[in-house]
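Structure, as structure tokens:
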Amino acid sequence: MTIKQIMVVDPSINEPEIAAINNIAQRSPLRISIHFPALYEDQTISLSKQNTAGVIIMGSQASVHNKLPWQQTLQDLILDMDKVSIPVLGLCYGHQLLAHVYGGKVAYLWDGEKKRGVTEVNIAAHSLWGAARSGTLAYSHMEGVVDCPPGFEVVASSAMTAIEGIAGQNKPIWGFQPHLEATQGFLKPHEMDQDFDNALGFNILDHFLKFCAG
């Protein structure tokens, strides 16, 4: 019997986001496999594709424009999952990578200054999570999606970033610039000491995980 899994890819180039990964593992109805392509071997990704029910690509200090070898591995992963309609969720860097792969534009925001904190995000109604809603989400980035890729729609925005979230119009693919997975253990290493209720982020993450589990 084949046991399905959620593939969690952490492309961190400094330290892995253990707290965030643990949070995803605790919330997931399926077991997860964990991959660190920028820090360690990226071969584990190709070895895990066969039993994958969904993919989450997390944040990174890298830019989608760096053209590093492991980034090509992630692009291949996205396109391979697309061929068999496996759901993919991109968070922060993962969101930017999805836009980049499908023909959108990723560029520096705020003159290239990195900003971090929490912001109010407005999320449109969608079949994955239901009614439109707003809430506070954590962010930490200097680049962002400035042109939505063809075949996608903008599903989230804020006063500071026009494209906070995208969704495939005919593909089970979603990207969010904010960190839906953020816990307090995630915030502190990113110099964000705010206490905030991440109910909105966790709710969307839970809907994606349940969607992958069928």
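Details
- Magnitude of the charge dipole, the chain, Cβ model with Lys/Arg +1 and Asp/Glu -1, debye to 20: 560
- Estimated vicinal HN-Hα couplings, Hz - segment 198-208 in sequence order (Karplus 6.51, -1.76, 1.60; Gly, Pro = x): 8, 4, 5, x, 5, 5, 5, 4, 4, 5, 5
- Here segment 87-184 is assigned +1 on the Cβ of each Lys and Arg and -1 on the Cβ of each Asp and Glu. Its dipole about the Cα centre then comes out at about 120 debye.
- Global geometry of segment 1-101, whether rounded, prolate or oblate, following the gyration tensor of its Cα atoms and the 1.5 cut on a/c: oblate
- Here the extension length gained between K4 and E120 equals 38.3 nm, from 0.36 nm per residue of separation less the Cα-Cα distance.
- Cβ-placed point charges (K, R +1; D, E -1), dipole of segment 1-106 about Cα centre in debye, nearest 20: 280
- Å² of accessible area per residue within the chain, as computed with a 1.4 Å probe and no ligands counted: 44
- Alpha-carbon centroid distance for the pair segment 1-66 / segment 153-214, whole angstrom: 16
- Selection from I78, T183, H141 lying farthest towards where the dipole of the chain points positive, charges on Cβ: I78
- Highest GNM mean-square fluctuation among G94, G144, G168, for the chain modelled with Cα contacts below 10 Å: G168.
- Anisotropy class of segment 67-164 from Cα gyration tensor, a/c 1.5 cut: oblate
- Distant alpha-carbon pairs in the chain (separation over 29 angstrom), percent: 15
- Relative packing of 20-27, 43-50, which averages over residues the other C-beta atoms within 10 Å, highest first: 20-27, 43-50
- Judged by the mean number of other Cβ atoms found within 10 Å, the most tightly packed of the peptides 8-15, 80-87, 207-214 leads the ranking 8-15, 207-214, 80-87.
- For the chain, with +1 on Lys and Arg beta carbons and -1 on Asp and Glu, the positive-most of P69, Q169, A20 along the dipole: Q169
- Calculated mean residue ellipticity, 222 nm, the chain: -8000 deg cm²/dmol, from DSSP H runs (n ≥ 4) at -39500 (n - 2.57) each, averaged per residue and rounded to 500.
- Global form of segment 6-58, assessed from the alpha-carbon gyration tensor, a/c cut-off 1.5: oblate
The values are calculated or read from the model by the stated rules, or taken from the named source; none is laboratory data. None of these values were measured; they are calculated from a predicted model. As a convention, Cβ positions derive from the backbone with ideal geometry for all residues, glycine included, and neighbour counts pool all protein chains shown. The protein model used for the area step is the full one, side chains on, heavy atoms only, and it has no ligands, DNA or RNA in it. Shrake-Rupley method; radii C 1.70, N 1.55, O 1.52, S 1.80 Å.
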